[in-house]
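Okay, so here's the structure we're looking at.
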Amino acid sequence: MNYRYIIVKTTDVPDADTFLTALELKQYKHFAIEKRAAEWLAGRYAVKKLASEFFNLPFKKLQVKNDKNGAPILQAMGGNNLTISITHRGDYAAAAISLTGDLIGIDIEKIETRPQGWTDQYFAKEELLASDDAYLTEFWAKKEAVLKLLGLGLTVPTTQIKILNNEVQFFGKTLDIWAFKGSPKIAFEMKTLDNTYKLVVAYPTVI
């Protein structure tokens, strides 16, 4: 396996000043909405906990920045940047690190009923093999994980990727980015948390 990931509960996150750098603390204090701040903090804690344990580095020797598309980049003090992905939703946050410097995407979504017309906006008809909330939530998480893997997030429509039988097809900007990154075959790891959340990791099997 060319990646590692970690899941943390938001209630287990320690005080911000125990693991954030000075720059990250400044970012954290700019959040006006408490819920958004707590989720952001949990995501940072997750990725630092994972990287600290694997690379044997103190939390404050690791710093998370964002590129122009908002994709996170983990900087190890005195070392190289690490390819990461972060997600947070409700009670959980998670982070994944590529061990080969390649691509990685992770997403958590809560299983819930979406508004009428939501599937028409974000899915192709042939993707809708079921209509239950668990299926649609996991499928949505797959799409978000793939877009994070490409470093795009929701800066492009989810209809620019199509997933059929776990095979990902690309269109428009996503096709260009996928080709630029070497046209890797993408696989998924899925997990259900507390029968309430769906977690998906998207990762390349061939580069």
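The values are calculated or read from the model by the stated rules, or taken from the named source; none is laboratory data. Please read all numbers here as calculations on a predicted model, not as lab measurements. All Cβ positions, even for glycine, are placed from backbone atoms using ideal geometry, and neighbour counts span all protein chains on display.
Structure above, values below:
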read-out	value
Leading residue by the ranking (farthest from LYS110 (Cα to Cα)) among those in region 3-30 that are aliphatic (A, V, I, L, M) and surrounded by 11 or more Cβ atoms within 10 Å (Cβ to Cβ)	LEU23
The one condition in (1) among the polar types (S, T, N, Q); (2) in contact (Cβ under 8 Å) with a residue 40 or more places away in the chain; (3) surrounded by fewer than 16 Cβ atoms within 10 Å (Cβ to Cβ) that SER98 fails to fulfil	(3)
Where ALA124 falls short, out of the listed (1) within 19 Å of the chain's Cα centre (by Cα); (2) surrounded by fewer than 20 Cβ atoms within 10 Å (Cβ to Cβ); (3) touching a residue at least 24 places away in the same chain (Cβ under 8 Å)	(1)
Residue satisfying all of: in region 74-133; basic (Lys, Arg) and in contact with a strand residue (DSSP E or B) (Cβ under 9 Å, 6 or more places away or on another chain); farthest from TYR3 (Cα to Cα) among these	LYS110
Options GLU39, GLU109, GLU24; residue that is touching a Ser or Thr at 6+ places or on another chain (Cβ under 6 Å) and not β-branched (Val, Ile, Thr)	GLU109
Criterion (under 14 Å from the mean Cα position of the chain (by Cα), within 20 Å of GLY153 (Cα to Cα) and at pLDDT 95 or above) met by exactly one of ILE84, ILE106	ILE106
Qualifying residue in region 51-64 (condition: in contact with a Leu (Cβ under 7 Å, 6 or more places away or on another chain), surrounded by 21 or more Cβ atoms within 10 Å (Cβ to Cβ), part of a helix (DSSP H, G or I) and not assigned by TED's automatic domain parsing to the domain that holds GLU138)	yes
Those residues of region 26-50 which are assigned to a helix (DSSP H, G or I) and either β-branched (Val, Ile, Thr) or not assigned by TED's automatic domain parsing to the domain that holds THR83 (or both), in sequence order	VAL47
Qualifying residue in region 189-201 (condition: free of Cβ contacts under 8 Å to residues at least 40 places away in the same chain, within 26 Å of ILE7 (Cα to Cα) and exposed (fewer than 13 other Cβ atoms within 10 Å of the Cβ))	no
